[in-house]
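This report concerns only the one structure given below.
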Amino acid sequence: MNPRDSYVSGHPILIPMIDLVTIGAGGGSIAFIDSAGGFHVGPRSAGADPGPACYGHGGTEPTVTDAQVVLGRLDADKLLGGELPVDPELAKRAIETKIAKPMGLSVTDAALGIIKVINSNMALAIRSNSVARGVDPREFSLVPFGGAGPLHGVALAEAVSAKDIIVPVAPGITAAMGLLQTDMQYEHARTLVTSLTKIDGTAVERVNALVGELVAECRTDLENDGVPPELQNFLRYAECRYHGQGFELRADIPEGDVTTGNIKNVIANFHQQHRLDYGYAFDDGEVELITVRVIGLENVIPLKVARLDDANGAGIDSAFLYSRDTTFDDGRTVETPRYDRGVLKAGHQVPGPAVIVQHNSTVVVPPDYTADVSEYGNLHIRRPN
């Protein structure tokens, strides 16, 4: 993603990043009624301290987490495996005082309203990053993660017409797992403005000298982190643009010294990247080099997720914990079994309604849906054929 197009929550950050759409939607998002009587959820958040009202740390504003507790989707004694006890009465009181009574609703309907609004906010963000860009969500699975993501997964998939839902094996720490599997890297860059199309021997020497300096700086960083030479890898980029453009794209610099003969490879790489990003390229246009960038990295050993034991036809009774009333998005309140995800095995099938509990997250399987457990523990949630 071009650094000039990189934003987080509407704020430009001007660094290269994966193309993301961010919104203020989380368990701590506060539900409130504005001065005109409008009902909103987020982006203001209760944070971790004082947190949602149900935490009992002094928070009085109703949040998405409070709504999930009131609806019976989060059990008071199971949050973080019971390490974070919550008080349903505090959640009910906050929603009743701030939302239900002012709007003339029952506490349950107010809680459902909070969930529907936050789901709508998230669905709009998904559409802006899919349908608005010509991508059909019906061809893709939705992957909810984070501690609260699997509570909303099915509702969001329905809202955007996603094909199905895949819940990772450890939703609450999926982002951390991604970080641990990311290569350690350092970046160094320096500006060097010159025409690649009309480059001469002197400019080529300047490019090679600069690449050498940047590689040395990255090597020093990696050595300071104890990365041995055999595990060090260096990626070299020329950030280029067509003459007169106001933005740059990265083009690979081939291994070895740059010469007036092989500089055409850098130019070709830029044309290819421009065509990939924007759908066209000016193959005869003058290409300018603006910045030389070197990334020094250590390729980390990927994490390995263990295969689950096979169910071998056994039922899911061993994973059953208890049953409690749970209210789903259609307003129905039904007695819903809880299952321990850590006991489920590959090939198990959990029919909805069900709530699947684990230490770092809670998965809601509504009525008319089924969760199939894959060989690596992912949950594949969909409507039975």
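Quick look at the values:
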read-out	value
Number of the exception - V258 against (1) of a type outside the set (G, A, S); (2) touching an Asp or Glu at 6+ places or on another chain (Cβ under 8 Å); (3) buried (at least 18 other Cβ atoms within 10 Å of the Cβ)	(2)
Matching entry among A132, A123, A94 (being touching a Ser or Thr at 6+ places or on another chain (Cβ under 9 Å), in a helix (DSSP H, G or I) and among the aliphatic types (A, V, I, L, M))	A94
Single match in L289, L235, L231 (criterion: within 15 Å of D183 (Cβ to Cβ), in contact (Cβ under 8 Å) with a residue 60 or more places away in the chain and surrounded by 14 or more Cβ atoms within 10 Å (Cβ to Cβ))	L235
Test: A268 is assigned to a strand (DSSP E or B), modelled with pLDDT of 90 or more and of a type in the set (G, A, S)	no
Single match in Q181, Q185 (criterion: under 34 Å from the mean Cα position of the chain (by Cα) and either more than 30 Å from Q358 (Cβ to Cβ) or among the β-branched types (V, I, T) (or both))	Q185
Selection status of V363, more than 18 Å from I166 (Cβ to Cβ), assigned to a strand (DSSP E or B) and not assigned by TED's automatic domain parsing to the domain that holds D77	no
Any hit, the range 305-313, residues being without any contact (Cβ under 8 Å) to a residue 40 or more places away in the chain, surrounded by fewer than 16 Cβ atoms within 10 Å (Cβ to Cβ), of a type in the set (V, I, T) and farther than 21 Å from R190 by Cα	no
Residue within the range 190-213 that is assigned to a helix (DSSP H, G or I), of a type in the set (G, A, S) and surrounded by 15 or more Cβ atoms within 10 Å (Cβ to Cβ) present	yes
Any chance Y237 is assigned to a loop (DSSP other than H, G, I, E, B) and not polar (S, T, N, Q)	no
Test: G146 is in contact (Cβ under 8 Å) with a residue 24 or more places away in the chain, on the phi > 0 side of the Ramachandran plot and touching a strand residue (DSSP E or B) at 6+ places or on another chain (Cβ under 9 Å)	yes
Residue count for the range 3-40, restricted to those that are in contact with a Lys or Arg (Cβ under 9 Å, 6 or more places away or on another chain) and either modelled with pLDDT under 85 or farther than 30 Å from V107 by Cβ (or both)	4
Every residue from the range 59-91 that is in a loop (DSSP other than H, G, I, E, B), of a type in the set (V, I, T) and buried (at least 18 other Cβ atoms within 10 Å of the Cβ)	V86
L297 being out of contact with any Cys (no Cβ under 7 Å at 6 or more places or on another chain) and loosely packed, with under 13 Cβ neighbours inside 10 Å	no
Residues of the range 106-137 that turn out to be more than 30 Å from the chain's Cα centre (by Cα) and surrounded by fewer than 17 Cβ atoms within 10 Å (Cβ to Cβ), as a count	1
The range 253-288: number of residues that are charged (D, E, K, R) and under 20 Å from E205 (Cβ atoms)	4
Those residues of the range 42-71 which are aliphatic (A, V, I, L, M) and under 20 Å from the mean Cα position of the chain (by Cα), in sequence order	A48, V64
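The values are calculated or read from the model by the stated rules, or taken from the named source; none is laboratory data. Keep in mind that what you see is a predicted model, and the values were worked out from it rather than measured. Ideal geometry is used to build each Cβ from the backbone, glycine not excepted, and the neighbour counts take in all protein chains shown.
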